[in-house]
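K.L.:
Sharing a structure, written as structure tokens. Questions coming.
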Amino acid sequence: MTRMATTPASPARVSPAREDPVVAGASQLIGGPPGEHAVLADRRTWLTPLRVLMALVIVASVLGYTQKIGCRDTRTWTHEHQYSALCYSDVVALYSQEGLVDGKIPYLDYPTEYPPLIGAAMALISWPAGHASGPKAVYRDDNGRRVFDHYTMDRRSAVFYDLTALLFMVAACVAVLCTALTAGSRRVWDAALFALAPALVLHLLTNWDILAVAFAAGGLLAWSRRAPRLAGLLLGLGILTKLYPVLFLLGLGFLCLRAGKMRELAKTVTTAIVTVIVVIVPLWLSAGYFNEQGNKVGDSIWTTFWRGGDWLRLVGGGPDGARNGLARFIDLNSDRGADWDSVAFGATWLADRHDPAWFGPLHLVVCAVTAVVVLAVAAALIVHRPDTRRLVAASAVAAWGTVAIGVPLVLQGIREHGLPIGTLNIITAATLVVAVVAIGLLTWFAPRRPRLPQVLFLLVVAFLLSNKVFSPQYTIWLLPLVALARPRWRLFLLWQACEAWVLFTRFMHFIYNDTQGRRGIDRGWFVGAVALRDLVLLVLAAFVVREILHPRADVVRADGSLDPADRLAVDQPAAGLDPDAVDDPAGGFLDHAPDVRGGWRGRPTRPARGVPEPAAVTASPAAVTASPTAVDASPAAGPAGESAPRPELAPLEPGALFRPRQNRSDTLDSPDPDGSGSAGG
């Protein structure tokens, strides 16, 4: 049964956001809101939200370029200038270190630590940059003698930096545009968190990660526009740039399993896999073979086959244990130890610097801090869910006991035996698996199905905090997800401030290491900054979990409603079945879809047997009057067959990415095809 259509005599429904008294009060600064009989010009301004966002991200990109311009000239990379000026960039450093300056091609002429599309971007930009002039010696006359004075600027490196910055600016614009379109016209300004993020300024040119962010944001937009194959293609390209978009497929799997959208999920996953294979296989056949020192010792499989050589033996490995150039990325990530910004690195330093013995200073501090955090979280949960008091209390005691007992044991083991790479890999993988399972259970048992960006944000945070590598530029992976999952500024800006503090302490500690402690800051400051950043990320994730369990706290689903009854109705499992309510703008096929399984304690998250689909459920007039966001899914809500089912939206393909998202209430209020009247009679 469908919701009763609004008749012409009914007053038009006004969006709660338009009735916000804060907005109305702020408008007094420019003369107040228009009066009832005001005559407004029927024209559109050029300054649309999307164009403003594009201008903002271009400004941020220019600021990022300017912030690192001090390292554009490689002659300044002396006396820790790249650290003291906070301008270090892999774009400049790797241009010479990876042999691009000499015209080498990644994978073919040397093994690179990056996935294929980053190698392709490096090779593509290095070609025009190689036509610029290299450094030349300049001499001066000293009492009739020709004495060397200095080298001229290496314009090849500078041009490579400039062209890369231009490419990154385009990628940033694409990522912000896709994020704004995914958020929808009602929340387009949420993308401003991405466009104005300080981390975007600081890390846009640190590495090539913005390319992966652009592909991932495009894949999310394609999914929101119901184009599963295009979403799979873009996510596959993102995986070929950085591996983290694999988590997007995992998050889609959790939600599609609950909503019964496995066919759409299969299309996306299959297309992503095919995309990866289509790129990886030809590159693997064309890549050379290199020894541990990075020297080429064998031709590619394809070259060997074409020349009539024994190409079959290259499938298992090259001569003298040489590896395919494409395997460098896998080998490096398997063999590297804990990176600077990781939790494992901080734990290793902590175990070496402080004695983790029982009831020592470190143990007492850990116990006290854990007790405060656990009590605060438990109190908040009990306030919101009094019926879970016993479960929360037991979980709090178990959590505190685990930390109080486990932390000294772990740190003592690291202090005595170190942290071998094999052990670190096992711990990292196990921690990630536990976190992913926990997020999957949360997605499955949440009273109302979580929004897609919320699940993806939690998965990426879990990966970053559990991984042994958390490079500074990885933080931009989270920017579009934060803008869609929790578009609130206060905690976002606190997190961004922590990221800036981490970058500052990181570079100052590098100066400390290079100068043997004469300048810079000790490692404790840097580890403390990383711990603070990680804590803020955990708090941000905790707020997202809270909004999953209590959707009325979710600014997207609450949609600015000030009516307490409306806000409470948002928490109901069936609230997402109301076509007039906001459910999951980025969800695509998941948006307003009923659950077929899952849910908390068997709560009604799907229509009862024999009741039509929620798209064809009509709320009774009393229910509509009582709460505009509530849906009466009972059979007695109205006579069966009183209205025709609302037609399903057809899947959209590439051309639909930039079309406006169809409003479900439009189809609901449209007349019947046979002209018998509007839905609901």
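The values are calculated or read from the model by the stated rules, or taken from the named source; none is laboratory data. This is a predicted model, so every value here is computed, not measured. Here the Cβ is made from the backbone with ideal geometry for all residues, glycine too, and neighbour counts use every protein chain on show. These area figures cover heavy atoms from the full protein model, side chains too; ligands, DNA and RNA do not enter into them. Shrake-Rupley method; radii C 1.70, N 1.55, O 1.52, S 1.80 Å.
K.L.:
What are the residues in region 341-364 that are open to solvent by 50 Å² or more (accessible area, probe 1.4 Å) and not in a helix (DSSP H, G or I), if any?
P.N.:
H354, D355, W358, F359
K.L.:
Follow-up question, since we're still on this one. What about T241, is it assigned to a helix (DSSP H, G or I), of a type in the set (S, T, Y) and in contact with a helix residue (DSSP H, G or I) (Cβ under 9 Å, 6 or more places away or on another chain)? Break it down into steps so the answer makes sense when it comes.
P.N.:
On the way: assigned to a helix (DSSP H, G or I): no; of a type in the set (S, T, Y): yes; in contact with a helix residue (DSSP H, G or I) (Cβ under 9 Å, 6 or more places away or on another chain): yes.
Here the answer is no, as T241 does not meet what is asked.
K.L.:
So for region 482-493 (the condition being in contact (Cβ under 8 Å) with a residue 24 or more places away in the chain, touching an Asp or Glu at 6+ places or on another chain (Cβ under 8 Å) and open to solvent by less than 10 Å² (accessible area, probe 1.4 Å)), does at least one residue qualify?
P.N.:
yes
K.L.:
Can you confirm whether region 69-78 contains a residue that is more than 16 Å from L196 (Cα to Cα), open to solvent by less than 40 Å² (accessible area, probe 1.4 Å) and of a type in the set (G, A, S)?
P.N.:
Checking region 69-78: at least one residue is more than 16 Å from L196 (Cα to Cα), open to solvent by less than 40 Å² (accessible area, probe 1.4 Å) and of a type in the set (G, A, S).
K.L.:
Mind telling me which of the residues L200, L234, L196 ends up being touching a residue at least 24 places away in the same chain (Cβ under 8 Å), hydrophobic (A, V, I, L, M, F, W, C) and buried (at least 22 other Cβ atoms within 10 Å of the Cβ)?
P.N.:
Details: L234 fails: touching a residue at least 24 places away in the same chain (Cβ under 8 Å); L196 fails: buried (at least 22 other Cβ atoms within 10 Å of the Cβ).
From the options L200, L234, L196, the qualifying one is L200.
K.L.:
Output yes when any residue across region 297-304 is surrounded by fewer than 16 Cβ atoms within 10 Å (Cβ to Cβ), modelled with pLDDT of 80 or more, within 37 Å of the chain's Cα centre (by Cα) and not hydroxyl-bearing (S, T, Y), and no when none is.
P.N.:
The answer is no; no qualifying residue exists.
K.L.:
In region 255-295, what residues are in contact with a Phe, Trp or Tyr (Cβ under 8 Å, 6 or more places away or on another chain), open to solvent by less than 50 Å² (accessible area, probe 1.4 Å) and hydrophobic (A, V, I, L, M, F, W, C)?
P.N.:
Hits for region 255-295 are C256, A259, L283, A287, F290.
K.L.:
Same structure, new question: For residues in region 203-237 being aliphatic (A, V, I, L, M) and not in a helix (DSSP H, G or I), which is farthest from the chain's Cα centre (by Cα)? Quick ask: steps written out before the conclusion?
P.N.:
Looking only at region 203-237, we keep the residues that are aliphatic (A, V, I, L, M), and these are 204-205, 210-214, 216-217, 220-222, 227, 230-231, 233-235, 237.
Next, only the ones that are not in a helix (DSSP H, G or I) stay: 204-205, 227.
Values: L204: 15, L205: 18, A227: 20 Å.
Within region 203-237, the match that is farthest from the chain's Cα centre (by Cα) is A227.
K.L.:
Here is a further query. Find all pairs meeting these conditions: Cβ atoms under 6 angstrom apart; at least six residues apart or on different chains; first residue within region 169-182 and closer than 15 Å to P49 by Cα and at pLDDT 95 or above; second residue surrounded by fewer than 24 Cβ atoms within 10 Å (Cβ to Cβ) and among the aromatic types (F, W, Y).
P.N.:
That search, which allows pairs on different chains as well, returns nothing.
K.L.:
Failed condition for T112, given (1) polar (S, T, N, Q); (2) free of Cβ contacts under 8 Å to residues at least 60 places away in the same chain; (3) in contact with a strand residue (DSSP E or B) (Cβ under 7 Å, 6 or more places away or on another chain), with all others met?
P.N.:
Only one criterion in (1) polar (S, T, N, Q); (2) free of Cβ contacts under 8 Å to residues at least 60 places away in the same chain; (3) in contact with a strand residue (DSSP E or B) (Cβ under 7 Å, 6 or more places away or on another chain) is unmet by T112, namely (2).
K.L.:
If you don't mind, another one. Take A446 and tell me if it is under 20 Å from the mean Cα position of the chain (by Cα) and either open to solvent by 20 Å² or more (accessible area, probe 1.4 Å) or closer than 28 Å to A378 by Cβ (or both).
P.N.:
Working: under 20 Å from the mean Cα position of the chain (by Cα): no; either open to solvent by 20 Å² or more (accessible area, probe 1.4 Å) or closer than 28 Å to A378 by Cβ (or both): yes.
Here the answer is no, as A446 does not meet what is asked.
K.L.:
If you don't mind, there's one more thing I want to ask. I'm trying to understand the selection: among the residues of region 83-96, which are without any contact (Cβ under 8 Å) to a residue 24 or more places away in the chain and either more than 17 Å from V159 (Cβ to Cβ) or among the charged types (D, E, K, R) (or both)?
P.N.:
Listed by number, the residues that qualify are A85, C87.
K.L.:
While we're on this one: Among the residues of region 133-144, is any modelled with pLDDT under 85, open to solvent by 50 Å² or more (accessible area, probe 1.4 Å) and either under 18 Å from G99 (Cβ atoms) or not in a strand (DSSP E or B) (or both)?
P.N.:
Yes; the residues of region 133-144 include at least one that is modelled with pLDDT under 85, open to solvent by 50 Å² or more (accessible area, probe 1.4 Å) and either under 18 Å from G99 (Cβ atoms) or not in a strand (DSSP E or B) (or both).
K.L.:
What is the residue count in region 91-100 for residues that are crowded, with 17+ Cβ neighbours inside 10 Å and assigned to a helix (DSSP H, G or I)?
P.N.:
Within region 91-100, the first condition is being crowded, with 17+ Cβ neighbours inside 10 Å, and the residues that meet it are 91-92, 94-95, 98-100.
Among the residues that remain, those that are also assigned to a helix (DSSP H, G or I) are: 91-92, 94-95, 100.
Result for region 91-100: 5.
K.L.:
Failed condition for S157, given (1) at pLDDT 95 or above; (2) open to solvent by less than 10 Å² (accessible area, probe 1.4 Å), with all others met?
P.N.:
If we test S157 against (1) at pLDDT 95 or above; (2) open to solvent by less than 10 Å² (accessible area, probe 1.4 Å), just (1) comes out false.
K.L.:
Out of all the residues in region 308-315, is one or more open to solvent by 80 Å² or more (accessible area, probe 1.4 Å) and in contact (Cβ under 8 Å) with a residue 40 or more places away in the chain?
P.N.:
No, region 308-315 contains no residue that is open to solvent by 80 Å² or more (accessible area, probe 1.4 Å) and in contact (Cβ under 8 Å) with a residue 40 or more places away in the chain.
K.L.:
From the residues in region 422-443 that are small (G, A, S) and more than 19 Å from the chain's Cα centre (by Cα), which one is surrounded by the most Cβ atoms within 10 Å (Cβ to Cβ)?
P.N.:
Initial filter on region 422-443 (small (G, A, S)): 422, 429-430, 435, 438, 440.
Applying the additional criterion that residues be more than 19 Å from the chain's Cα centre (by Cα) yields 422, 429-430.
On the way: G422: 10, A429: 13, A430: 11.
If we take residues in region 422-443 being small (G, A, S) and more than 19 Å from the chain's Cα centre (by Cα), then A429 is surrounded by the most Cβ atoms within 10 Å (Cβ to Cβ).
K.L.:
Of a type in the set (A, V, I, L, M) and within 20 Å of S471 (Cβ to Cβ): is that true of L540 in this structure?
P.N.:
Numbers: of a type in the set (A, V, I, L, M): yes; within 20 Å of S471 (Cβ to Cβ): yes.
Answer is yes for this residue.
K.L.:
Residues that are under 35 Å from the mean Cα position of the chain (by Cα), under 28 Å from P245 (Cβ atoms) and open to solvent by 60 Å² or more (accessible area, probe 1.4 Å): does region 119-129 have at least one?
P.N.:
Among the residues of region 119-129, at least one is under 35 Å from the mean Cα position of the chain (by Cα), under 28 Å from P245 (Cβ atoms) and open to solvent by 60 Å² or more (accessible area, probe 1.4 Å), which makes the answer yes.
K.L.:
I need the full set of residues from region 66-81 which are assigned to a loop (DSSP other than H, G, I, E, B) and either farther than 14 Å from L204 by Cα or without any contact (Cβ under 8 Å) to a residue 60 or more places away in the chain (or both), in order please. Walk me through how you get there before you give the answer.
P.N.:
Applying the first criterion (assigned to a loop (DSSP other than H, G, I, E, B)) to region 66-81 yields 68, 72-73, 77-80.
R72, D73, W77, T78, H79, E80, listed by residue number.
K.L.:
With the requirement that a residue be crowded, with 16+ Cβ neighbours inside 10 Å and either within 17 Å of P472 (Cα to Cα) or small (G, A, S) (or both), what does region 533-549 give you?
P.N.:
Within region 533-549, R533, D534, V536, L537, A541 qualify.
K.L.:
Would you confirm whether or not region 498-520 contains a residue that is within 18 Å of the chain's Cα centre (by Cα) and either open to solvent by 10 Å² or more (accessible area, probe 1.4 Å) or modelled with pLDDT of 95 or more (or both)? Talk me through it step by step, then tell me what you get.
P.N.:
Within region 498-520, the subset within 18 Å of the chain's Cα centre (by Cα) is 498-499.
Retained after the next criterion (residues that are either open to solvent by 10 Å² or more (accessible area, probe 1.4 Å) or modelled with pLDDT of 95 or more (or both)): 498-499.
Yes, that holds for at least one residue.
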